[in-house]
Amino acid sequence: MKVTAAVFEGVGQDLVVQELELEEPKAGEVLVRLAASGVCHSDYHVVKGEWAATGPLVLGHEGAGVVEQVGPGVTHVEAGDHVVLSWVPYCGRCEYCLAGRPGLCQQVQQTAYENVMADGTSRLSRAEGTVYSYLTAGSFADRVVVPATGAVRVRKDAPLDRVALIGCAVATGVGAVTNTANVRPGDSVLIVGCGGVGLSAVMGAALVSAAEIIAVDLNDDALDRATALGATATINAGRESVPDRVRELVGEDGVDWAFEVIGLKETLETAYALVKPGGTAVVVGQSAEGVRIELDPMLMSDREKSLIGSNYGSCHPARDFPRLVELYMKGKLDLDQLISGRGTIHDINDAFAAMGRREAGRTIIVH
Ligand code: APR
Ligand code: ZN
Ligand code: ZN
């Protein structure tokens with residue numbers, strides 16, 4: 001069948017909207033008609049060449065839609081089901097899956113991370129040859145074939161153009177706080193970077209009743225959104241000293257938890273510097289290839305300050321996505337605060353440009 005998709009052809013180039021051929025789902029695969037797709041900085045990393053990826057590649061990995069067809073052997077969803085896409089189509093059998101950590105699944109490293117299905121091929125093509133699907137979720141398209149575990153069923157009355165955000169930003173940000181860190185009521189939390197993922201971390205901190213939720217960004221609009229989502233204080237890093245303000249707010253020792261949600265050397269080092277003895281900095285933002293940070297190991301051994309990583313909010317998509325949808329439907333996760341505008345697939349390059357200008361909020365592509 002024909003699909004309309006936004007294709008990455010090479011570093012620094014605009015995505016090109018074009019018609020592609022999509023094969024039917026094979027065994028263990030699901031065809032989804034996409035309703036909406038969020039634009040995430042991880043797509044932009046590819047466009048900017050900060051992460052190596054070979055084109056042609058349909059970008060987008062934060063989508064939601066309706067199942068149209070399932071391949072042989074798929075039993076967990078059927079045509080008509082509403083699904084949120086997950087970019088860790090876990091195998092369920094490897095050591096990491098068995099330990100409840102599907103975000104680290106071995107099969108995902110060789111399939112989704114290589115933009116190919118379980119058999120090593122892609123379902124997308126055009127006259128010139130194969131086209132790949134980013135993280136096998138390639139959601140800047142009106143239809144996509146994904147591995148079965150990449151389609152997570154959610155309740156049908158949830159608006160797809162909002163719950164699409166759960167597939168990356170919300171799972172990653174909320175999960176970093178509630179799964180990876182397991183922040184406790186009354187803890188103090190610093191969140192550096194308030195894009196879609198960082199604002200979701202703010203929501204997660206509010207959800208678990210962190211006492212102090214300090215949000216940092218360069219953009220006042222992003223900080224206003226953070227306040228609306230429960231931040232108790234905001235710092236504009238362009239105008240104020242983040243260390244000075246944090247110490248003023250919580251005392252010289254710093255915070256219990258600092259979440260870095262950008263992926264820059266400077267902000268990673270600041271986040272680590274601002275956790276108290278026994279506290280933990282969590283690396284959520286994904287850096288450009290080649291970024292290195294410098295830390296004083298004495299602060300680890302002597303002050304017991306930890307630095308940990310969080311991929312996809314350490315989430316289990318099949319368990320967590322329906323719960324996050326439920327929280328949205330009950331008014332406990334204000335996904336609307338994350339959204340700055342809506343557009344069609346033809347607006348995709350403008351959405352990246354807005355991200356490049358550090359405009360606040362996420363663009364939702366509606367198919
Ligand atoms: N200090 C403070 N805030 C900054 C700085 C800085 N030096 N540089 C950028 N920011 C802010 C931007 O203003 C923006 O609000 O960080 C935010 C980043 O948000 P987005 O670009 O929307 O990124 P997002 O999609 O949230 O992803 C964040 O997580 O999953 C990864 O690959 C993703 O590395 C990216 C990160
Ligand atoms: Zn993402
Ligand atoms: Zn696995």
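The values are calculated or read from the model by the stated rules, or taken from the named source; none is laboratory data. All of these numbers come straight from a predicted model, not from anything done at the bench. All Cβ positions, glycine included, derive from the backbone under ideal geometry; neighbour counts span all protein chains shown. Just so you know, the surface numbers come from the protein's heavy atoms only, side chains and all, with ligands and any DNA or RNA stripped out. Shrake-Rupley method; radii C 1.70, N 1.55, O 1.52, S 1.80 Å.
Structure values in brief
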item: Positions within segment 309-359 being part of a helix (DSSP H, G or I), closer than 15 Å to residue 177 by Cα and touching a Ser or Thr at 6+ places or on another chain (Cβ under 6 Å), in sequence order; result: 312, 313, 314
item: Residue check for residue 241: open to solvent by 10 Å² or more (accessible area, probe 1.4 Å), within 15 Å of ligand 1 (Cβ to nearest atom), without any contact (Cβ under 8 Å) to a residue 24 or more places away in the chain and more than 20 Å from residue 187 (Cβ to Cβ); result: yes
item: Condition check for residue 230: closer than 27 Å to residue 59 by Cα and either touching a strand residue (DSSP E or B) at 6+ places or on another chain (Cβ under 9 Å) or not assigned by TED's automatic domain parsing to the domain that holds residue 87 (or both); result: no
item: All positions within segment 108-132 that are in contact with a Pro (Cβ under 8 Å, 6 or more places away or on another chain) and more than 16 Å from residue 20 (Cα to Cα); result: 108, 111, 112, 117, 118
item: Among residues of segment 206-250, those that are among the acidic types (Asp, Glu) and either within 16 Å of ligand 3 (Cβ to nearest atom) or outside any helix (DSSP H, G or I) (or both), counted; result: 3
item: Residues of segment 244-266 classified as open to solvent by 30 Å² or more (accessible area, probe 1.4 Å) and not hydrophobic (A, V, I, L, M, F, W, C), total; result: 9
item: Boolean, residue 139 is part of a loop (DSSP other than H, G, I, E, B) and under 17 Å from the mean Cα position of the chain (by Cα); result: yes
item: Tabulated pairs, segment 57-70, first assigned by TED's automatic domain parsing to the domain that holds residue 140, second among the polar types (S, T, N, Q) and at pLDDT below 95, C-beta under 8 angstrom, 6+ apart or interchain; result: 61/42
item: Residues within segment 1-50 that are assigned to a loop (DSSP other than H, G, I, E, B), open to solvent by less than 60 Å² (accessible area, probe 1.4 Å) and out of contact with any Ser or Thr (no Cβ under 6 Å at 6 or more places or on another chain), tallied; result: 7
